[in-house]
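The values are calculated or read from the model by the stated rules, or taken from the named source; none is laboratory data. Being a predicted model, the structure only gives us computed values, none of them experimental. Here Cβ is always computed from backbone atoms with ideal geometry, including for glycine, and neighbour counts include all displayed protein chains. Quick note on the areas: whole protein, heavy atoms, side chains included, nothing else; ligands and nucleic acids left out. Shrake-Rupley method; radii C 1.70, N 1.55, O 1.52, S 1.80 Å.
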Amino acid sequence: MIIVSACLCGVNCKYSGGNNLNNDILKLFKEGKAILVCPEQLGGLETPREPHEILQGTGESVLSGTGKVISKKGKNSTDNFVKGAYETLKIAQSCNAKVAILKAKSPSCGCGIIYDGTFSGNKKEGNGVTAELLIKNGIKVYTEENFKDKNF
Ligand code: SF4
């Protein structure tokens, strides 16, 4: 089973109330190979919601307690992001998932590159909070940008 960011399959869970539909990933779901999750909703955030970014650090620093996830207006939503990551891990472990395809650059789901915390569109190296927790627990994380040549 593959853990997949729900917004990539057309679920309107994105902060704006929209989605990031990718038809190749939706096909995996229709074939029964994917479980859909939205860590930000699982962490208790509403939809639509303000956009968030990780301030000072990455998913790793958020999980270790030194980093913060803030909304564009400055609300500290760190606890929601951590909760969403652990709920996602619980789902992944329950279905014995070894692989995830998550939305690139998101403060929850991004893997390798994320937005830099300035809400300017600039990026930095690092993982989102959920991607980091899944990787730490032995789950291989891809994004919609690099999953295609893999054989699921
Ligand atoms: S938290 Fe992940 S699944 Fe939810 S909307 Fe953001 S990128 Fe998509």
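Data for the structure
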read-out: Accessible area, probe 1.4 Å, largest first, for residues 147, 152; value: 152, 147
read-out: Antiparallel DSSP beta bridges within the chain, as percent of all bridges there, nearest 5; value: 40
read-out: Accessible area of the chain divided out per residue, in Å², using a probe of 1.4 angstrom; value: 49
read-out: Lysine pair count for the stretch 41-117 [Cα-Cα under 24 Å; pairs on different chains or 8 or more apart]; value: 19
read-out: Summed residue charge, Cβ within 12 Å of residue 36's Cβ, Lys/Arg positive, Asp/Glu negative; value: +3
read-out: Charge dipole magnitude, Cβ of K and R +1, D and E -1 - the chain, Cα centre, debye nearest 20; value: 120
read-out: Among 136-145, 27-36, 5-14, 101-110, the order from most to least packed when residues are scored by Cβ within 10 Å on average; value: 101-110, 5-14, 136-145, 27-36
read-out: For the stretch 15-25, Karplus couplings with θ = phi - 60° (6.51, -1.76, 1.60), whole Hz, Gly/Pro x; value: 3, 7, x, x, 9, 10, 3, 10, 5, 5, 6
read-out: Label-point separation in nm, residue 64 to residue 27, each point 7 Å along Cα→Cβ; value: 4.1
read-out: Unpartnered cysteines - no second Cys beta carbon under 4.7 Å - across the chain; value: 7, 9, 95, 109, 111
read-out: Neighbourhood charge, 14 Å Cβ-Cβ cut-off, centred on residue 124 and excluding it, Lys, Arg +1 and Asp, Glu -1; value: -3
